[in-house]
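Participant: Handing you this structure, nothing more for now.
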Amino acid sequence: MLRVGVLGAGHLGKIHLRLLNQSSKYELVGFYDPDEISAQKVVSELGYTFYENINALIDAVDVVDIVTPTLSHFDCAKKAMEKGKHVFIEKPITNTLEEAERLVAMEKEHRVKGQVGHVERFNPAFISVKSKIERPMFIETHRLAEFNPRGTDVPVVLDLMIHDIDAILSVVHSDVKQINASGVSVISNSPDIANARIEFENGCVANLTASRISLKNMRKSRFFQKDAYISVDFLEKKVEVVKMKDAPENPGDFDMILQNAEGVKKQIYFENPNVETNNAILDELETFAEAITNDTTPVVSLAQGTKALKVALQIINAFEK
């Protein structure tokens, strides 16, 4: 078992503490949070060990789980890496691209491993169809959330849209060619609703919408590719796969056949991939433990987290243009 310590005991930090405590791959050593009053409340309610000094906690563990505000991600990770500790960092990886690139370099320099908490990669709906998403040419995503003051310290792109940016980059194997975007600040000082159009070098186009001032929650992505349409509902954990193939010479009574203007006939059929229930946060933490133990590349590497941040920042810069 890997000894692990958690930095940050806020809403998500408490979830990480609970899951790490029950994991068979980790031994939870304790946590650090600069807010001592809040930290003592966690100790009295949940019983986890509180370290008053961040360096003392880092020294006592093999893995540092960073669940602090984004502004402090770099400093926390730098402290841990310099002491030869592996780091799990909640998304977004850092506040700036320069910080993220420095962490990627430090990962090699100190021979440690890092993973970024892009939890939707572990969503069972996405996992069930990811292998079926082959060279998508148009992607549409909607990530809408009801207003919650937590997270409004960063633009909605870094808070919500970055989940979809990372998922898209994991299936579109091409460089970004151009980005157009617009964002509107409604309640916060930074944009609360945003739309971005990403064009890739291979011709794929992704249209992303994110909002944190919606009346209902929605997390849906749709992928269109040659002879297939794939829909992923990240919230309801449901998928829909509609495929086309050449129509049989003698179709059955219930076969769905389409004929285009050139007279080519296609048969439409549906696939229902098995969506297995899981705890995505526990899975991302445990696969990181496996990557450390087996010396393999983490599912969401620091380099991939950096790519997602780079695109997110390009979108934010496009607002100003």
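Participant: Applying the selection to segment 219-232, what residues are farther than 15 Å from Glu271 by Cα and either within 16 Å of the chain's Cα centre (by Cα) or open to solvent by less than 10 Å² (accessible area, probe 1.4 Å) (or both)?
Facilitator: Arg219, Lys220, Ser221
Participant: Residues being basic (Lys, Arg), open to solvent by 70 Å² or more (accessible area, probe 1.4 Å) and in contact (Cβ under 8 Å) with a residue 24 or more places away in the chain: count how many of those fall in segment 13-65. Quick ask: steps written out before the conclusion?
Facilitator: So in segment 13-65, the residues basic (Lys, Arg) come out as 14, 18, 25, 41.
This time we only want the ones that are open to solvent by 70 Å² or more (accessible area, probe 1.4 Å), so: 14, 18, 41.
Subsequent filtering for residues that are in contact (Cβ under 8 Å) with a residue 24 or more places away in the chain retains 14, 18.
Matching residues across segment 13-65 total 2.
Participant: For segment 257-279, state whether one or more residues are within 23 Å of Val129 (Cβ to Cβ) and surrounded by 18 or more Cβ atoms within 10 Å (Cβ to Cβ).
Facilitator: Of segment 257-279, the ones within 23 Å of Val129 (Cβ to Cβ) are 258, 266-279.
Cutting the leftovers down to surrounded by 18 or more Cβ atoms within 10 Å (Cβ to Cβ) gives us 275.
Yes, the conditions are met somewhere in segment 257-279.
Participant: From the list Ser211, Ser188, which residue is modelled with pLDDT under 95 and crowded, with 18+ Cβ neighbours inside 10 Å?
Facilitator: Values: Ser211 fails: modelled with pLDDT under 95.
That would be Ser188, the only listed residue that is modelled with pLDDT under 95 and crowded, with 18+ Cβ neighbours inside 10 Å.
Participant: Another question, if that's okay. Please identify the pairs in which a residue from segment 67-90 that is under 16 Å from Lys113 (Cβ atoms) and free of Cβ contacts under 8 Å to residues at least 12 places away in the same chain has its Cβ atom under 8 Å from the Cβ atom of a residue that is part of a helix (DSSP H, G or I) and not aromatic (Phe, Trp, Tyr), counting only partners at least 6 apart or on another chain.
Facilitator: Filtered contacts from segment 67-90: no entries.
Participant: Out of everything in segment 191-203 that is under 15 Å from Ala318 (Cβ atoms) and not in a loop (DSSP other than H, G, I, E, B), what residue ends up being most open to solvent (accessible area, probe 1.4 Å)?
Facilitator: If we take residues in segment 191-203 being under 15 Å from Ala318 (Cβ atoms) and not in a loop (DSSP other than H, G, I, E, B), then Arg197 is most open to solvent (accessible area, probe 1.4 Å).
Participant: With respect to Phe147, is the statement that it is open to solvent by less than 10 Å² (accessible area, probe 1.4 Å), aromatic (Phe, Trp, Tyr) and either in contact (Cβ under 8 Å) with a residue 12 or more places away in the chain or in contact with a strand residue (DSSP E or B) (Cβ under 7 Å, 6 or more places away or on another chain) (or both) true?
Facilitator: Against the criterion (open to solvent by less than 10 Å² (accessible area, probe 1.4 Å), aromatic (Phe, Trp, Tyr) and either in contact (Cβ under 8 Å) with a residue 12 or more places away in the chain or in contact with a strand residue (DSSP E or B) (Cβ under 7 Å, 6 or more places away or on another chain) (or both)), Phe147 does not qualify.
Participant: If you don't mind, another one. Of the conditions (1) under 22 Å from Ala100 (Cα atoms); (2) open to solvent by 40 Å² or more (accessible area, probe 1.4 Å), Gly8 satisfies every one except a single condition; which number is it?
Facilitator: (2)
Participant: Follow-up. Could you check segment 280-310 and list, in sequence order, the residues that are over 15 Å from Arg121 (Cα atoms), open to solvent by less than 10 Å² (accessible area, probe 1.4 Å) and touching a Leu at 6+ places or on another chain (Cβ under 9 Å)?
Facilitator: Residues satisfying the conditions are Ala289, Leu309.
Participant: Being open to solvent by 10 Å² or more (accessible area, probe 1.4 Å), touching a residue at least 40 places away in the same chain (Cβ under 8 Å) and part of a helix (DSSP H, G or I) is the requirement here; does Arg135 meet it?
Facilitator: Taking the combined requirement at face value, the residue does not satisfy it.
Participant: Residue pairs, Cβ under 7 Å, 6 or more apart or interchain, first in segment 285-300 and over 13 Å from His86 (Cβ atoms), second open to solvent by less than 30 Å² (accessible area, probe 1.4 Å) and in a loop (DSSP other than H, G, I, E, B). List them.
Facilitator: Taking only residues 6 or more apart or on different chains, the pairs are Glu286/Ser23; Val300/His118.
Participant: Looking at segment 155-185, which of its residues are open to solvent by 20 Å² or more (accessible area, probe 1.4 Å) and among the β-branched types (Val, Ile, Thr)?
Facilitator: Answer for segment 155-185, where residues must be open to solvent by 20 Å² or more (accessible area, probe 1.4 Å) and among the β-branched types (Val, Ile, Thr): Val176, Ile179, Val184.
Participant: Go through segment 73-108 and count every residue that is under 16 Å from the mean Cα position of the chain (by Cα), among the hydroxyl-bearing types (Ser, Thr, Tyr) and open to solvent by 30 Å² or more (accessible area, probe 1.4 Å).
Facilitator: Residues in segment 73-108 being under 16 Å from the mean Cα position of the chain (by Cα), among the hydroxyl-bearing types (Ser, Thr, Tyr) and open to solvent by 30 Å² or more (accessible area, probe 1.4 Å): 0 in total.
Participant: Follow-up question, since we're still on this one. Of the residues Leu28, Leu20, only one is under 20 Å from Gly114 (Cα atoms) and part of a helix (DSSP H, G or I); which?
Facilitator: Only one candidate qualifies: Leu20.
The values are calculated or read from the model by the stated rules, or taken from the named source; none is laboratory data. Note that this is a predicted model, so its numbers are computed, not measured. Because the Cβ atoms are built from the backbone with ideal geometry, glycine has one as well, and the counts that use them run over all protein chains shown. For accessibility, only protein heavy atoms count, side chains too; no ligands or nucleic acids. Shrake-Rupley method; radii C 1.70, N 1.55, O 1.52, S 1.80 Å.
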